Structure formats: structure tokens, C-alpha cells
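As C-alpha cells, the structure follows; a few thoughts come after it.
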Amino acid sequence: MTQSTAETPGLALDQIGVRFGGLVALDGVSLRVPPGRTVGVIGPNGAGKTTLFNVVCGFVAPTSGSLTLDGRPLRPRPHRLTRLGIARTLQGVGLFAGMTVLENVLVAAPGKTDRAMAALERCGVGSRAQELPGKLPYALRKRVALARALVSDPRLLLLDEPAGGLGAGEIDELRELIEGLSCSVLLVEHHMDLVMAVCDEILVLDFGRPVAHGTPAEIRNDEAVADAYLGAAA
Ligand SMILES: Nc1ncnc2c1ncn2[C@@H]1O[C@H](COP(=O)(O)OP(=O)(O)O)[C@@H](O)[C@H]1O
Ligand SMILES: [Mg+2]
């Protein structure tokens, strides 16, 4: 039985294209993130991962194609994401340097100190609530950013390179955190091992085009992926 986009629960991207002037950053990219699932987008630098992420966040308007959320047309705008049940962390960290860790999380949940503290505890940084983020090691700052995304209790969490700049042990801890989430997750990530470990399915981009889509096991054995993504390591 075929399922039309109109009946699809969760997030669906259909034939998304993005051009920056003459540069084709995305071309014919379709993707579904069903409720409760973790979907990864991988690919080499410049493949279009962040552009795809920005389309879902509303930072970039697609030149072609459409998005739906639970079957309804979705026109994302950054300031409307929370109302739609969507939260995100950005590549890097993006915390307010002049605010404490707790105040940074409260930005996403004004007046909800208990919930902000719970989100910080859940991300293992509750004891740092009163410190300025600049005093924390990079890995902990990234956890504060994750706590700020989780405090709104999103049904869809968007993560852009959450493992970027982390060491192997820190990536293991991040993996456990992601595995413990009950919301759906769109994980844009350069780090292959993390994506393979946490994702139900994976889309591989190369030069803005989908080159493979499947389960981690399918992606691991895909020759096009080996060429596009692992070629540099060979
Ligand atoms: N705002 C922009 N203006 C022009 N080109 C852009 C812009 N954002 C990204 N690009 C280009 O689009 C391509 C995809 O970039 P990006 O989505 O950042 O890739 P990735 O996140 O996979 O490394 C690259 O060639 C990049 O230089
Ligand atoms: Mg990127």
C-alpha cells in the first residue's frame, strides 16, 4: 500500500532543491522522519547537510520541493519552531556568553526554572547551572545547548554536527544521550560511527544529491557511499 505525503505522520521533505546563485546546494532530496525515529544525514564537507538542516529550521527557503509536518504543509520559520514542537542545536555552540548556564536554558523556557534544571541534569550539567558557559569545557557547553533544545520537550529534535569537536569518550556519552531520547531526531553529522550507532535510517548526500538511503547496515555495505564518503580515507 502506498502512502501519500498527506497521510505521513512526522516530518516529510519532498524533492527539496536549494540554489545559492549558480551553486546547487541541494537537488531532489526527499526524506521522512517518522515519530520517535532517529534519521541521520551524512556526507562529505560541502555535501549540503547544513543547508538541509537550515531548510527544516526555516533559515533557508527551498528553491523547489515541499515540506510537511503530520501531513500539513510546513513553512518553517526560526521563531515559530517551538510552537511546532521542533527544537534544534546549531553547528558549534551558540550560547549567550553573558548569561549563566541556567539563564541560557531559561531563554527557551521563560520562568520554568524547575524544567530548565531538569533538562540540565538530564544532560549531565546540572551542577554547572550558575556558571558562565565560557568557563566550561567545549563538550559541556555543547550539552548546555542540547539542554536548551530539550527544555521545550520537542517532538522533533534537529541536531547539526553534535559530535563536532568532541573526543571519542565524549561522543560515547553523546550517543547514550541521543539513544535515551523519546522524540524523533534528525541528526546531521559528519561522524560516521555515531550516525551508524543511533540512527534507524540514514540518507547520504554528495554534492547536494542523495546517493544512498537505508538502514545503517545497508549504508555500511553500499558501494556508492564508500566512493562518495569514504573515498577520501581510502
Ligand atoms: N548561504 C550560502 N551562500 C552560498 N553558498 C552556500 C551557502 N551556504 C552553503 N553554501 C554552499 O552550499 C554547499 C553545501 O554547504 P553545506 O550545506 O554547508 O554543506 P555541509 O554542511 O554538508 O558541509 C557548499 O558548497 C557551500 O559552500
Ligand atoms: Mg555543515
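The values are calculated or read from the model by the stated rules, or taken from the named source; none is laboratory data. Here the structure is a predicted model, which means the values were calculated and not measured. Neighbour counts are summed over all protein chains in view; Cβ atoms, including those assigned to glycine, are modelled from backbone coordinates with ideal geometry. All accessible areas refer to the heavy atoms of the entire protein, side chains included, with ligands and DNA or RNA removed. Shrake-Rupley method; radii C 1.70, N 1.55, O 1.52, S 1.80 Å.
Observations
- Segment 95-152: relative contact order as a whole-number percent, Cα under 8 Å and 6+ apart: 46 percent
- Relative contact order, percent, the chain [alpha-carbon distance under 8 Å, six or more residues apart]: 26 percent
- Given their separation in residues at 0.36 nm each and the Cα-Cα distance between them, L23 and F59 gain 11.2 nm when the chain is fully extended.
- Value at 222 nm in deg cm²/dmol, rounded to 500, when DSSP H runs of n ≥ 4 in the chain each add -39,500 (n - 2.57): -8000 deg cm²/dmol
- An oblate overall shape is assigned to segment 128-177, the ratio a/c of its alpha-carbon gyration tensor axes (a ≥ b ≥ c) being 1.5 or greater and a/b not exceeding b/c.
- Within segment 95-152: Cβ-based charge dipole about Cα centre, in debye rounded to nearest 20 (Lys, Arg +1; Asp, Glu -1): 180 debye
- Rg to Rh quotient for segment 88-234, alpha carbon positions, Kirkwood Rh: 1.02
- Column: log10 I(q)/I(0), Debye, Cα scatterers of segment 95-152, q = 0.20, 0.31 Å⁻¹: -0.55, -1.42
- Surface composition of the chain: carbon plus sulfur atoms contribute 51% of the solvent-accessible area (1.4 Å probe, protein chains only, all chains present).
- For segment 95-152: accessible area per residue (Å², 1.4 Å): 48 Å²
- Cβ charges +1 (Lys, Arg) and -1 (Asp, Glu), total dipole of the chain, debye: 1060 debye
- Sorting 88-98, 156-166 by average packing, meaning the other beta carbons within 10 Å per residue, from highest down gives 156-166, 88-98.
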